[in-house]
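*Asks:* I'd like to ask some things about the structure below.
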Amino acid sequence: MHDWQASTFRFLDQTQESLQQSENEITILKKQLKTRDQDLIRKDTEIKRLQDQILQLEQIKISLSDDKTRLSRELDNISLKYQNLEDDFNMATIYFGKMVRMVQSSGGSYNLISNNNNNN
């Protein structure tokens, strides 16, 4: 075999080895790419799930805010009713006091315990 033939065969062998290494590297890179794609798909799915949860939490927040507003209005109404009852009670107390003084000033007696209708 001539030197140029041996040199050519060495070159072809080296080229074949280099090609084989390149194919192995390509295979490894394809596997890495596939793994990364799968990771991205999982992460994308997780992001979508978290976005859905965020939307649900925002809806809950809105609902709670609406409930707070409604309950605040109800509390205001109850407070107003209580104030009105307190005012009515105070007026009744004043009126009752005036009635007792009127009865007493006319010389009568006012008996809260008595169940009979005889007022002399």
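FYI, it's all coordinate maths here, none of it is from the lab. Everything quoted here is computed from the prediction, not taken from an experiment. Every residue, glycine among them, receives a Cβ derived from its backbone with ideal geometry; neighbour counts consider all protein chains shown.
*Asks:* Specify the residue with the greatest mean-square fluctuation among Gln38, Gln104, Gln59, computed from a Gaussian network of the chain linking alpha-carbon atoms under 10 Å apart.
*Replies:* In this elastic network of the chain, the residue with the biggest mean-square fluctuation among Gln38, Gln104, Gln59 is Gln104.
*Asks:* Please give the charge dipole size of the stretch 23-111, origin at the Cα centre, charges +1 on K and R Cβ atoms and -1 on D and E Cβ atoms. Round to the nearest 20 debye.
*Replies:* Result for the stretch 23-111 is approximately 80 debye, rounded to the nearest 20.
*Asks:* Ok, one more. Kindly identify the chain as rounded, prolate or oblate by the Cα gyration tensor criterion: order the square roots of the eigenvalues as a ≥ b ≥ c, call it rounded if a/c is under 1.5, otherwise compare a/b with b/c, prolate if a/b is larger, else oblate.
*Replies:* It comes out prolate by the Cα gyration axes.
*Asks:* Right, something else. Tell me, what HN-Hα J-couplings in whole Hz come from the Karplus equation 6.51 cos²θ - 1.76 cosθ + 1.60 at θ = phi - 60° for each residue of the stretch 92-100, using x for Gly and Pro?
*Replies:* With the stated coefficients, the stretch 92-100 comes to 5, 5, 4, 4, 4, x, 5, 5, 4 Hz.
*Asks:* Projected onto the charge dipole of the chain (+1 at Lys/Arg Cβ, -1 at Asp/Glu Cβ, origin at the Cα centre), which of Ser106, Asn24, Trp4 gives the Cα projection farthest towards the positive end?
*Replies:* Checking the options against the dipole of the chain, the answer is Ser106.
*Asks:* Here's another thing I want to ask about it. At R0 = 35 Å, how high is the FRET efficiency between Glu86 and Ile60 if r is their beta carbon distance? Nearest 0.05 is fine.
*Replies:* For R0 = 35 Å, the calculated efficiency reads 0.40.
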